[in-house]
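The values are calculated or read from the model by the stated rules, or taken from the named source; none is laboratory data. It should be emphasised that the depicted structure is a prediction, and the values quoted were computed from it without experimental measurement. Reconstructed Cβ throughout: ideal geometry from the backbone, glycine too, with neighbour counts over all protein chains shown. Remember, those area values only see protein heavy atoms, side chains included, never the ligands or the DNA or RNA. Shrake-Rupley method; radii C 1.70, N 1.55, O 1.52, S 1.80 Å.
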Amino acid sequence: MMIKETSLRRDPDLRGELAFLAKGCDFVLPSRFKKRLKSFQQAQVQNKQEKKPGTPSPPPSNSSVGPLPLLPVNKVIASTPLSINIPRFYFPKGLPNVCTSHEETVARIEAAFSEFEDEKASTYEMGKIAKICGCPLYWKAPMFNAAGGERMGFASVHSFIAIWRQILQNCHDDASKFLCLLAKPSCDYLEQEDFIPLLQDLVETHPGLTFLKDAPEFHSRYITTVIQRIFYTVNRSWSGKITLTEMRKSNFLQTLALLEEEDDINQITDYFSYEHFYVIYCKFWELDTDHDLCIDQKDLARYNDQALSNRVIERIFSGAVLRGNDVQKDGRMSYADFVWLLISDNFPPSTEYWFRCMDLDGDGVLSMYELEYFYEEQCERMESMGIEPLPFHDLLCQMLDLVKPECEGKVTLRDLKRCRMAHIFFNTFFNLEKYLDNEQRDPFAVQKDVENDSPEPSDWDRYAAEEYEILVAEESGNEQLQEGSFDDDYETDELLSLPEIGDKTDKLVITDLSA
């Protein structure tokens with residue numbers, strides 16, 4: 001009996017059986033489907049033979065094999081993975097130099113130690129060893145300490161060669177060697193106290209700092225200043241820990257190497273200048289009226305003739321600009337924190353410092369509310385001086401045109417760094433003196449300063465040089481007044497002695513490095 005195709009479609013049981021049949025399932029079917037099952041199996045065998053490699057597929061036949069179409073059989077071809085030898089391309093501690101013979105260096109080190117008594121070197125004698133190792137002279141103190149010199153009082157040839165072999169095997173550039181020498185065991189970063197031995201040796205042995213030998217109480221002040229300047233410039237992550245990548249990106253090691261070539265330390269304006277230290281310390285001394293090496297909000301309000309607004313001072317003391325795991329100490333600012341403030345106030349790349357102050361909610365964005373909050377006090381101060389302030393809406397249009405933020409109505413740290421005029425933006429909202437000075441300047445001159453990439457002194461270098469000249473003149477005038485004579489000329493190149501601090505000289509700042 002013939003079964004109509006329409007009846008197969010309407011019968012759900014038969015449709016299910018046909019579906020299993022199409023999938024090639026082997027199960028018992030009614031007799032009327034046995035012939036179709038046999039035809040389906042034969043078609044499968046024939047299809048497998050046609051798909052064999054190298055066998056051309058036959059042309060399609062027009063004859064009808066059966067009332068049901070055959071589903072194509074998908075064949076997965078497994079490809080053999082290729083073995084590719086990819087050379088190593090990442091060397092976190094520098095690219096190894098296969099041509100360098102470490103044994104020759106070790107032999108020269110042994111020969112140099114043989115010239116010392118009992119083959120033991122002092123810190124001073126380690127300078128010769130540092131040069132043999134191809135390192136700058138002022139690496140000698142870290143090398144001395146790494147070889148156990150701080151503990152034993154000397155560095156023996158065996159202890160130093162053991163540590164230097166290990167460094168040569170694992171570290172292949174100056175940055176990684178320097179970090180390995182200074183860092184604590186099992187640490188891959190540098191903290192502030194790690195720099196103290198190096199800088200103490202610099203104070204004691206550099207020709208440009210010999211006058212400090214008679215003032216050991218100020219060694220810690222100078223060391224604190226240099227360390228804060230190092231972390232201000234090098235530690236861009238604000239973590240309080242200088243990583244190997246940050247060290248490589250900075251100019252610190254190059255600047256450290258210049259110290260052995262330049263006897264006048266004031267020529268090294270990055271990090272080590274005594275004149276810069278003198279300016280910073282005197283500025284702090286003027287504010288620290290009780291000379292306890294800490295200042296409060298009232299003291300800071302007198303900074304630079306009350307240039308900073310009260311609202312930004314409150315933000316500074318709120319802990320918004322602390323680094324790493326530092327904690328604000330009862331509304332007090334240490335000398336180390338003041339170094340960061342003074343440099344930020346006169347150094348255009350201080351964008352992140354002031355951005356943190358203005359970001360009230362800490363969301364990484366300066367909203368229009370936050371800008372208006374700081375500008376309100378500026379308006380009040382200008383009105384008290386008889387100056388008509390610019391309406392906030394008009395000022396906001398100017399600032400947004402200056403910064404050109406990517407997201408409308410929001411100013412990010414990236415926007416301010418990209419615009420290269422962030423110092424104008426910040427001064428507008430909390431530094432009245434600089435804001436008024438900028439308003440009186442020629443706008444084309446401001447743009448010219450921004451576009452000028454010539455190697456001229458930075459704003460900080462100019463500020464420090466001008467302030468030092470003023471302090472020199474004041475000091476010389478006071479001396480002549482005390483002597484009762486104003487006829488003798490004074491030399492401005494002479495280094496000044498630091499202010500007397502009476503009974504406070506025994507209080508070291510080293511203990512407050514991380515404040």
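Compute, for residue 459, the solvent-accessible surface of its heavy atoms (probe 1.4 Å) with the complete set of protein chains present, and express it in square angstrom to the nearest 10. Roughly 60 Å² of residue 459 is accessible to a 1.4 Å probe.
Of the listed residues 414, 248, 108, 151, the order by accessible area with a 1.4 Å probe, largest first, is 151, 414, 108, 248. What the phi angles of segment 465-478 give under the Karplus curve with 6.51, -1.76 and 1.60, with θ = phi - 60°, is a coupling list of 5, 5, 5, 5, 4, 5, 5, 4, 5, 5, 5, 5, x, 5 Hz, glycine and proline written as x. How charged is the neighbourhood of residue 411? Take every other residue with its Cβ under 14 Å from the Cβ of residue 411, and add Lys/Arg as +1 and Asp/Glu as -1. Summing Lys and Arg as +1 and Asp and Glu as -1 gives -4. Shown in residue order for segment 133-142 are the 3J(HN,Hα) couplings computed by the Karplus curve 6.51 cos²θ - 1.76 cosθ + 1.60 at θ = phi - 60°: 6, x, 10, x, 4, 7, 7, 5, 5, x Hz (x for Gly and Pro). Each 5 Å bin from zero up to the one holding the largest Cα-Cα distance in segment 257-307 carries the following percent of pairs: 4, 19, 21, 15, 12, 12, 8, 8, 1. Our summary gives segment 225-348 a relative contact order of 27 percent, counting only alpha carbon pairs under 8 angstrom and 6 or more residues apart. Rounded to whole numbers, the Karplus 3J(HN,Hα) couplings from phi for segment 378-394 are 4, 4, 4, 5, 5, 5, 5, 8, x, 9, 7, x, 6, x, 4, 4, 5 Hz, using 6.51 cos²θ - 1.76 cosθ + 1.60 with θ = phi - 60°, and x at Gly and Pro. Please tell me which of these pairs span more than 28 angstrom C-alpha to C-alpha: 131/249; 140/241; 128/184; 120/241? Exceeds cut-off: 120/241. Taking the three principal axes of the alpha carbon atoms in segment 85-233, the coordinate ranges are 61, 41, 26 Å, sorted in descending order. Sorting the Cα pairs of segment 207-331 by distance into bins of 10 Å, from 0 upward, gives 11, 32, 36, 20, 1 percent per bin. The alpha carbon centroids of segment 371-436 and segment 176-233 are separated by 39 Å.
The value of relative contact order for segment 121-236, using C-alpha pairs under 8 Å at least six residues apart, is 18 percent. Semi-axes of the equivalent ellipsoid for segment 179-241, computed as √(5λ) from the eigenvalues of its C-alpha gyration tensor and ordered from largest down, come to 24, 13, 9 Å.
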